[in-house]
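Below is one structure; the comments refer to it alone.
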Protein chains: 2
Amino acid sequence: MKDIETIISELSSEGFRATKIRTSMIELFLKVKGPASAHEIMSILSKKKVRFNKATIYRELVFLKERGLIQEVRLPHERGMRFEAAHQAHHHHLICVNCKKIADIVLQKELEEQENEIYRSTGFQVLGHTLEFMGLCQGCR
Amino acid sequence: MKDIETIISELSSEGFRATKIRTSMIELFLKVKGPASAHEIMSILSKKKVRFNKATIYRELVFLKERGLIQEVRLPHERGMRFEAAHQAHHHHLICVNCKKIADIVLQKELEEQENEIYRSTGFQVLGHTLEFMGLCQGCR
DNA sequence: CTAGTTGCAAACATTTTGCCACTAG
DNA sequence: CTAGTGGCAAAATGTTTGCAACTAG
């Protein structure tokens, strides 16, 4: 995601509006570390005294996703969806099983080797992957 | 998962019962390839003329999971949970974005290298991971 | 017999939809 | 003004629970 002004002006030039909820949500995704759930988004907005209806939040998530500004993240053992700003470096998540904090991680060595092996052994052409690590963060060890 | 007779006799010896639904579900998990959703399980049982109520299926899934016979699998972009027989070799899934088929894959080279790197660079101690590959299966390419 | 199991209906959690009112540009 | 947006309530999904009835061993 680019900076907020750029995003807003691109939206405006296509006829979309810079409403309070929309700009708040874009700001939120630019600031927040790690993927956020709809529930978390709503409680953050509440703390900022932004008034909203949950249907609006879900609709805005769809809107931002369709425009490629955010992307879905699904974590193991969680019910709902999470969302994070898109166009970040390709990364994965470190999920602490104790304190539940989620950190981003960029691997030095990605999975090309494994993906090539998959192609050679099965003929399956890998287009993407999701990889989440569960464990104990430094503070919880 | 061991063979059905062993499982049933272990359950019996602990006071649990070998009911129609339970044995059908254990058989199903032994047979089915790839992780199954509650919905899929129910439609397979229906075809086998096993009568059931959905609450029973969900309760049985909890039971089998707590006993370590099955484990949860969560796929990206899917709403619900899936389950697969536990105690298989550690493996991942190949999800065809076209035909939606899910195949198991055992990697020759697992992720130790990446996990060591994570520990060195962040202090996060990896205990497990989930890794799913999206792409095109041989038939759909 | 009786603890384990089931069915049923209702509650839950999360997300989506229809419809009409509202407002940014 | 008017297309895009928001609020509200209800529907749709997927899963869980309370409770009384049933049944395997």
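The values are calculated or read from the model by the stated rules, or taken from the named source; none is laboratory data. This structure is a prediction, so every number in the text was calculated from the model and none was measured. FYI the Cβ positions are ideal-geometry reconstructions off the backbone, even for glycines, and counts take in every protein chain you see.
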Candidate set from segment A:20-43 (those that are of a type in the set (Val, Ile, Thr) and surrounded by fewer than 17 Cβ atoms within 10 Å (Cβ to Cβ)); member that is nearest to A:ARG82 (Cα to Cα): A:VAL32
Residue within segment B:114-136 that is in contact (Cβ under 8 Å) with a residue 40 or more places away in the chain, within 27 Å of B:MET1 (Cα to Cα), more than 9 Å from chain A (Cβ to nearest Cβ) and part of a strand (DSSP E or B) present: no
Pairs where the first residue, in segment B:78-93, is free of Cβ contacts under 8 Å to residues at least 40 places away in the same chain and the second is part of a strand (DSSP E or B) and acidic (Asp, Glu), C-beta under 6 Å, 6+ apart: B:HIS91/B:ASP104
Lone unmet requirement of (1) among the small types (Gly, Ala, Ser); (2) more than 10 Å from chain A (Cβ to nearest Cβ); (3) assigned to a helix (DSSP H, G or I) for B:ALA89: (3)
Segment A:77-86: number of residues that are within 12 Å of chain B (Cβ to nearest Cβ) and away from DNA strand D (no atom under 16 Å from the Cβ): 1
Positions within segment A:65-77 being in contact (Cβ under 8 Å) with a residue 24 or more places away in the chain, out of contact with any helix residue (DSSP H, G or I) (no Cβ under 9 Å at 6 or more places or on another chain) and not charged (D, E, K, R), in sequence order: A:VAL73, A:LEU75, A:PRO76
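The rows are residues; the columns are (1) more than 14 Å from DNA strand D (Cβ to nearest atom); (2) of a type in the set (Val, Ile, Thr); (3) closer than 24 Å to B:PRO35 by Cβ.
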{"position": "A:PRO35", "(1), (2), (3)": "yes, no, yes"}
{"position": "A:ILE57", "(1), (2), (3)": "no, yes, no"}
{"position": "A:LYS101", "(1), (2), (3)": "yes, no, no"}
{"position": "A:LYS109", "(1), (2), (3)": "yes, no, no"}
{"position": "A:THR122", "(1), (2), (3)": "yes, yes, yes"}
Criterion: within 10 Å of DNA strand C (Cβ to nearest atom) and at pLDDT 95 or above - qualifying residue of B:ILE26, B:ILE44, B:ILE21, B:ILE70: B:ILE21
Checking B:PHE83 against (1) closer than 28 Å to B:GLN138 by Cβ; (2) assigned to a helix (DSSP H, G or I), the condition it does not meet: (2)
Residues of segment B:106-131 satisfying the condition of being buried (at least 19 other Cβ atoms within 10 Å of the Cβ) and under 16 Å from the mean Cα position of the chain (by Cα): B:HIS129, B:THR130, B:LEU131
Unique match (being under 18 Å from B:HIS77 (Cα atoms) and either among the small types (Gly, Ala, Ser) or touching a helix residue (DSSP H, G or I) at 6+ places or on another chain (Cβ under 7 Å) (or both)) among A:ALA55, A:ALA38, A:ALA18: A:ALA38
